[in-house]
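Okay, structure first, notes after.
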Amino acid sequence: MLKNYFTVALRNLWKTKGFSLINIIGLSTGMMCFIVILLYVKNELSFDRYHKDADRIYRVVKDFVNNDGTRTPDATTPPALAPALQKDLPEVAYATRIFPSWGRKYLIQNGDKRFYENNVVFIDSSFFNVFDFAFVSGNKSNAFNGGKSILLTQTSAKKYFGNADPVGKILKINVNNGASFLVTGVLKDAPQNSHFTFDFLVPFSSVSKNDVNSNWDWYNFYTYVLLKANANPAVFTAKLQPLFKKYQPDSKNQYYSQALTDIHLKSNLKWELGTNNDLSYIKILMIISVFVIVIAGINYVNLITAQSVKRAKEVGVRKVAGASQQLLVVQFLIESVCTAFVSLFISLFAVALFLPFINQLLSSSLVLFSPAQGLLWVELVATTFVIGLASGLYPAFYLSSFQPIKVLKGKFISSYNGAYLRKGLVVFQFLISIVLIISFFTIYRQVDFVMQKNLGFNKDNILLLSNIRGAGNPGAMVNELGKIPDVTSIARADGILGSQNWTNGVAPKGKNNHILLNFMRVDHGFLPTLQIELKEGRNFFKSGADSSNIILNEKAVAELGLKKPYLGQQLEWDEGPGKTNLVTIIGIAKDFHFTSLHEPIKAFGFGSEENNGSTFFLKLHSQNLEKDIAIIQKVWTKHNPDKPFEYSFQDEQIAKLYQSDIKFKNLFSSVTLLAILIACLGLLGLSIFTADARAKEIGIRKVLGASVSSLFTLLSKDFLWLILIAIVIASPIAWWAMHNWLQGFAYRVAISWWLFIMAGLAAISIALITVSFQAIKGAVANPVKSLRTE
């Protein structure tokens with residue numbers, strides 16, 4: 001019996017090849033979107049969950065609190081915190097610290113293999129008691145040998161030692177004036193779904209000369225704890241602030257904890273170890289994936305019910321032959337499920353084919369076929385089965401309910417049977433599509449806005465040469481670089497805008513209005529090179545005589561509560577517990593954006609430091625960057641023969657701030673296009689059916705003198721009315737959704753009225769193009785062919 005059901009199902013699919021193809025293409029496209037989004041979402045939700053006790057690992061973070069009550073959430077903590085947690089809180093099984101390289105590049109070498117490495121992480125001996133990073137060679141018990149040791153990842157080991165086992169061998173690192181480190185272990189590469197990664201792990205004991213366990217003022221460490229199995233995370237978090245107050249009674253900073261598995265999607269603090277995503281984006285994509293599947297399912301319902309006249313006599317004959325309604329329902333549901341599974345196989349093939357391009361588009365490393373995706377296949381099979389049943393449920397009961405006597409006597413009124421349902425479903429399809437179109441326009445404009453907005457400084461054609469400290473002769477290198485015709489200016493700083501800057505507490509002299517000031521130490525050429533405009537005052541002198549002077553931005557002036565005249569006023573610069581230095585304001589810079597436009601402009605200051613910054617900023621004026629870079633490399637190699645040449649650009653640093661936004665835009669735009677395609681396929685199928693069902697009416701109208709244009713209008717206007725209804729319903733929904741999304745940006749575009757006009761015109765144009773071919777074909781058809789049977 002079951003075999004017969006499948007045989008009949010496949011026969012019917014083949015019999016109606018045109019409609020079956022439209023259904024399969026629509027469902028396949030919808031499932032392809034669903035699979036890609038599912039892979040992406042599962043990858044984002046999997047971050048840091050590979051650790052054995054991930055649900056018991058927490059990161060301790062804090063808010064810097066200013067006198068006015070404003071807060072700056074920050075992921076860093078002082079080094080004394082971890083020992084205090086281990087000692088004072090019984091809930092803590094292990095506490096450990098991480099100290100990243102903070103943008104510094106370490107020169108690591110083995111023989112003639114020398115590379116700059118910026119993913120060197122310094123760790124505690126308790127690191128492997130908290131985190132589960134798998135060893136390939138060595139083990140955690142001998143990873144800390146009491147001397148100078150280092151751990152490598154597999155990729156780093158191969159880079160420096162080829163296929164040989166590096167354990168027991170020596171690497172040289174330019175730390176503490178150069179030193180030899182014994183390789184004590186090789187680990188598997190850090191998984192890509194980790195909120196922090198590393199290429200080298202170096203124990204603190206190998207490099208630290210000072211005891212930092214009692215230092216509460218150096219906010220450059222990350223603190224993690226593994227709670228005991230029976231510990232209550234809420235109780236642990238409640239004890240953090242009292243613990244901090246015990247050791248720092250005068251500080252206003254507020255401490256709290258974050259679950260390790262929440263960091264990637266729910267944390268956006270200053271000094272995050274990596275680029276995090278936004279949970280709201282994940283929720284939006286999950287909703288869209290469901291909508292796309294719903295649109296594809298609607299196509300199936302529409303096209304099957306539209307063919308009811310062709311299946312009516314089949315149903316009548318089957319019922320006369322003794323088939324019950326239940327058996328017919330099963331038959332139609334099997335047809336639907338078969339269509340769904342055929343679509344699944346096609347979509348899997350398409351995803352596998354396009355996955356490299358998708359990974360490039362999303363800057364991801366999604367994998368479809370892997371042992372780790374076992375649950376994915378169960379989910380896909382179950383989802384496909386549900387889609388097949390849900391899509392076929394109404395058509396099955398609808399078609400199986402026909403009365404055989406009326407059908408076989410030709411009294412079954414076919415042309416408009418189920419018309420209201422089909423029209424309602426078309427409206428719903430295009431409602432979703434128009435919401436996506438309006439959202440796409442808004443998202444595209446916002447991402448383009450943040451990428452193109454005037455940030456208050458010049459980010460274009462600024463080449464960065466980092467790791468200048470320790471270079472052979474930076475002064476001579478500057479002189480030679482300045483002779484390159486296309487290098488219009490050169491600057492030096494100890495940070496990079498949009499990436500690395502320091503923070504420090506400052507207050508007006510004699511007042512207690514402390515604020516947390518972002519700052520960089522720069523030379524006299526920095527502000528002119530990056531075209532940061534001074535509102536008043538002067539720039540730093542080339543002589544280096546401004547070491548105790550400072551330039552503030554307008555936001556810093558406002559937060560400090562300074563009164564005019566600003567120039568010449570002094571600030572107390574925190575140097576540690578109870579220690580301050582006085583700095584004098586010599587200039588006020590116009591506000592500029594050095595962080596993402598998700599955040600408002602923050603207080604910033606520039607200190608003067610000639611000839612000591614870690615990064616060169618070269619302003620280029622050239623149409624041939626490759627030529628200029630080659631010349632710059634020659635200069636670098638001449639003065640630094642032992643250092644590899646590496647460079648980046650300032651605009652790349654700014655673009656990194658919007659990685660998650662760009663990924664979201666790329667995925668959203670792709671899904672929107674595919675959703676529109678699916679809706680159009682359904683509209684195409686319905687236009688074919690309508691033209692076929694009204695063929696005789698069209699023939700009579702042509703005989704009576706109707707023109708091709710009037711017949712085209714007749715066949716198209718019903719669909720256009722449906723699109724107009726969808727536009728009216730979709731517009732407020734899209735406005736509400738995009739209004740809420742834009743609240744995540746401190747600086748954002750307006751949702752203009754013309755976006756809705758554009759989306760409406762786009763939807764109408766797409767619909768007209770979709771139905772026009774079939775409408776024109778029906779309008780120009782020879783009426784004799786449609787009327788000859790009358």
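What full-extension length gain, to one decimal in nm, is calculated for Asn513 and Leu673 as 0.36 nm per residue of separation minus the Cα-Cα distance? Show your work: numbers first, answer last.
On the way: separation 160, 0.36 × 160 = 57.60 nm, distance 5.32 nm.
52.3 nm is the gain from fully extending Asn513 to Leu673.
Tabulate in residue order the Karplus-calculated ³J(HN,Hα) for the stretch 607-616, using 6.51 cos²θ - 1.76 cosθ + 1.60 with θ = phi - 60°, rounded to whole Hz; enter x for Gly and Pro.
Result, ordered by residue: x, 9, 8, 7, 6, 9, x, 8, 9, 8 Hz.
Taking amide H positions as placed in the peptide plane 1.01 Å from N, state which residues far from Ala746 in sequence (5 or more) or on other chains have amide H under 5 Å from it.
Under 5 Å from the amide H of Ala746 lie the amide H atoms of His598, Glu599, each far enough along the sequence or on another chain.
Run the 1.4 Å probe and let me know the accessible area of Lys656, rounded to the nearest 10 Å².
About 110 Å², ignoring ligands and nucleic acids.
Mind pulling the per residue volume of the convex hull built on the Cα atoms of the stretch 522-563? Å³ is fine. Before the final figure, lay out each step's value.
Working: hull volume 3.6 nm³, N = 42.
Looking at the stretch 522-563, the number lands at 86 Å³ per residue.
How would Phe457, Phe449 rank on accessible area, largest to smallest, probe 1.4 Å?
Heavy-atom accessible area, descending, gives Phe449, Phe457.
For every other residue with a beta carbon closer than 12 angstrom to the beta carbon of Phe161, add +1 if it is Lys or Arg and -1 if Asp or Glu, then tell me the sum.
+3
Rounded to the nearest 10 Å², what accessible area does Glu559 show when all protein chains are kept and the probe is 1.4 Å?
50 Å²
Heavy atoms only, probe 1.4 angstrom, no DNA, RNA or ligands counted: give me Lys140, Lys159, Lys266, Lys42 ranked by accessible area, highest first.
So the residues, ranked largest to smallest area, are Lys266, Lys140, Lys159, Lys42.
Of the beta bridges DSSP finds with both residues in the stretch 541-645, what % are antiparallel, to the nearest 5?
That works out to approximately 65 percent antiparallel.
Leaving out ligands, DNA and RNA, and with a 1.4 Å probe, what % of the accessible surface on the stretch 154-247 is carbon or sulfur?
Details: 2270 of 4390 Å².
In the stretch 154-247, the share of accessible area belonging to carbon and sulfur is 52 percent.
Summarise the accessible area of the stretch 613-655 (1.4 Å probe, protein heavy atoms) by the percent that is carbon and sulfur.
Answer for the stretch 613-655: carbon and sulfur cover 50 percent of the accessible area.
What pairs from Lys535/Lys634; Lys252/Lys459; Lys459/Lys511; Lys511/Lys590; Lys169/Lys634 go past 28 Å between their alpha carbons? Kindly include the intermediate steps, with their values, before the conclusion.
On the way: Lys535/Lys634 39 Å; Lys252/Lys459 36 Å; Lys459/Lys511 37 Å; Lys511/Lys590 25 Å; Lys169/Lys634 33 Å.
Checking Cα-Cα distances, Lys535/Lys634; Lys252/Lys459; Lys459/Lys511; Lys169/Lys634 exceed 28 Å.
Return the loop-located chymotrypsin sites (Phe, Trp or Tyr not before Pro) in the stretch 121-156 (DSSP other than H, G, I, E, B) with at most 16 other Cβ atoms within 10 Å of their own Cβ; answer none if there are none.
Sites meeting the loop and neighbour criteria: none at all.
Using r as the Cβ-Cβ distance of Trp377 and Glu575, and R0 as 56 Å, what FRET efficiency do you calculate, to the nearest 0.05?
0.40
Filter the chymotrypsin sites (Phe, Trp or Tyr not before Pro) in the stretch 331-369 down to the DSSP loop ones having no more than 15 other Cβ atoms within 10 Å, then list what survives. Walk me through the numbers on the way to the answer.
Details: sites: Phe332, Phe341, Phe345, Phe349, Phe354, Phe357, Phe369; in loops: Phe369.
Filter output for the stretch 331-369: Phe369.
Quick one: length gained pulling Lys283 to Thr197 fully straight, 0.36 nm per residue minus the C-alpha distance?
Stretched out fully, the Lys283 to Thr197 stretch lengthens by 28.4 nm.
Among the listed pairs Lys188/Lys228; Lys105/Lys239; Lys52/Lys239; Lys246/Lys579; Lys555/Lys619; Lys563/Lys602, which have their C-alpha atoms separated by more than 29 angstrom in this model?
Values: Lys188/Lys228 27 Å; Lys105/Lys239 38 Å; Lys52/Lys239 25 Å; Lys246/Lys579 21 Å; Lys555/Lys619 27 Å; Lys563/Lys602 19 Å.
Lys105/Lys239, as the Cα separations exceed 29 Å there.
Amide H neighbours of Tyr94 under 5 Å, counting only residues 5+ apart in sequence or on other chains, H built in-plane at 1.01 Å?
Under 5 Å from the amide H of Tyr94: Leu226.
Would you grab the residues whose amide H sits under 5 Å from the one on Ala190? Only those 5+ places off in sequence or on another chain, please, with H modelled 1.01 Å from N.
Those lying under 5 Å, H to H, from Ala190 are Phe198.
Can you tell me the length gained on complete extension of the stretch Arg71 to Lys159, counting 0.36 nm per residue apart and subtracting the Cα distance? Walk me through the numbers on the way to the answer.
Details: separation 88, 0.36 × 88 = 31.68 nm, distance 4.35 nm.
Here the segment from Arg71 to Lys159 would lengthen by 27.3 nm.
May I ask you to derive the FRET efficiency for Ile769 and Glu536 from their Cβ-Cβ distance with R0 = 60 Å, giving the value to the nearest 0.05?
0.55
Under 18 Å from the 7 Å Cα→Cβ point of Lys483, by amide nitrogen: which residues of the stretch 603-645?
Correct set: 628-641.
Which whole-angstrom value gives the distance between the alpha carbon centres of the stretch 45-67 and the stretch 518-596?
Computed from Cα coordinates, the inter-centre distance equals 35 Å.
Once phi is turned into ³J(HN,Hα) by the Karplus curve 6.51 cos²θ - 1.76 cosθ + 1.60 with θ = phi - 60°, what whole-Hz value does each residue of the stretch 80-93 show in order, with x for glycine and proline?
6, 5, 4, x, 5, 4, 4, 7, 9, 10, x, 6, 8, 7
Which ³J(HN,Hα) values in Hz, rounded to whole numbers, follow from the phi angles of the stretch 336-349 under the Karplus curve 6.51 cos²θ - 1.76 cosθ + 1.60, where θ = phi - 60° and Gly and Pro get x?
Those phi angles translate into 5, 5, 4, 4, 5, 6, 4, 5, 4, 4, 5, 5, 5, 4 Hz.
How would Met520, Met32 line up by accessible area, probe 1.4 Å, largest first?
Result of the area sort, largest leading: Met32, Met520.
Write down the Kirkwood hydrodynamic radius of the stretch 170-303, to one decimal in angstroms, obtained as one divided by the mean of 1/r over all alpha carbon pairs.
Numbers: mean 1/r = 0.0497 Å⁻¹.
Kirkwood radius, the stretch 170-303: 20.1 Å.
I need the per residue convex hull volume for the stretch 207-284, using only the alpha carbons, in cubic angstrom as a whole number.
Cα convex hull per residue, to the nearest whole number: 155 Å³.
The values are calculated or read from the model by the stated rules, or taken from the named source; none is laboratory data. From a predicted model like this one, the values you see are computed outputs, not experimental measurements. Using ideal geometry, Cβ is built from the backbone for each residue, glycine included, and neighbour counts are taken over all protein chains shown. Quick note on the areas: whole protein, heavy atoms, side chains included, nothing else; ligands and nucleic acids left out. Shrake-Rupley method; radii C 1.70, N 1.55, O 1.52, S 1.80 Å.
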